[in-house]
Amino acid sequence: MKKILLLLVLVGNVAFAQKLTKDQLSEKLAEKACGCAEKQEITKDNFELTIGICLLEGINAYEKDVEKHYGKDVISNDKKMEELGYEIGKKMGLKCPTVFKFMLEDEADEVVEVDAEDLVLSGKISEIKSEQFLTFIVKEQSGKTNQFILLSSFDNAFLLTDKVLKATDAVDVTYYEMELFDAKLGKFVSYKIVTDITKK
């Protein structure tokens, strides 16, 4: 009788484990990864390894559901793992933004290293906002407006941080473009990141 009960419990668990939809699965995996990552002391050096271990912990916990939606070879299949990681990453951005900021920092570093050719734009400052990040809008001669974000330090950053620049000041802005995850919109949005600014 005990064996039959145990068998029923095991069958019940397996059946339950396979009832998650793909979206529900990524939600559960993100919750698991967030819970695991928040317990760790994450640094830039161990970020990828820690997140990788936390993702594997979730994959093992929901093994049957992962197999159902991504196949048995998900861990050894780079394409499937990338797809799964992307889905979990999107959810993690909403569930544990503190952990997610390390992902943004890493992505910013990669873009700076790869995209060595910065872009330059000239115009007049029309607005400067200081919220979570310092943002400002530059209006070109054509009338087109461009919004920039100050994310990292550079020699002339004091022109913005010390409020030296005012509205209507003519400037040259050096920048690069990067996609950042907007948690409110639930998608990646392209932003212009300032790397230098000079007053004319």
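Observations on the model:
- Residues within the stretch 18-63 that are part of a helix (DSSP H, G or I), in contact (Cβ under 8 Å) with a residue 40 or more places away in the chain, open to solvent by 30 Å² or more (accessible area, probe 1.4 Å) and over 20 Å from residue 97 (Cβ atoms), tallied: 2
- Counted as qualifying within the stretch 133-200 are the strands (runs of 3 or more DSSP E) with 2 or more residues that are of a type in the set (Phe, Trp, Tyr), namely 170-182, 187-199.
- Subset of the stretch 170-184 [at pLDDT 90 or above and surrounded by 15 or more Cβ atoms within 10 Å (Cβ to Cβ)]: 171, 173, 174, 175, 176
- Residues (at pLDDT 50 or above, open to solvent by 80 Å² or more (accessible area, probe 1.4 Å) and farther than 14 Å from residue 146 by Cα) located in the stretch 102-135: 117, 130, 131, 132, 133
- Considering only residues in the stretch 70-101 that are hydroxyl-bearing (Ser, Thr, Tyr) and either open to solvent by less than 60 Å² (accessible area, probe 1.4 Å) or assigned to a helix (DSSP H, G or I) (or both), the one that is modelled with the lowest pLDDT turns out to be 98.
- Count of the stretch 185-200 residues which are under 13 Å from the mean Cα position of the chain (by Cα) and open to solvent by less than 50 Å² (accessible area, probe 1.4 Å): 2
The values are calculated or read from the model by the stated rules, or taken from the named source; none is laboratory data. Just so it is clear, the structure is predicted and the values come from calculations on it, not from any experiment. No Cβ is skipped: glycine too gets one built from the backbone with ideal geometry, and neighbour counts run over all protein chains shown. Each accessible area value is taken on the protein alone, full model and side chains, heavy atoms only, with ligands, DNA and RNA left out. Shrake-Rupley method; radii C 1.70, N 1.55, O 1.52, S 1.80 Å.
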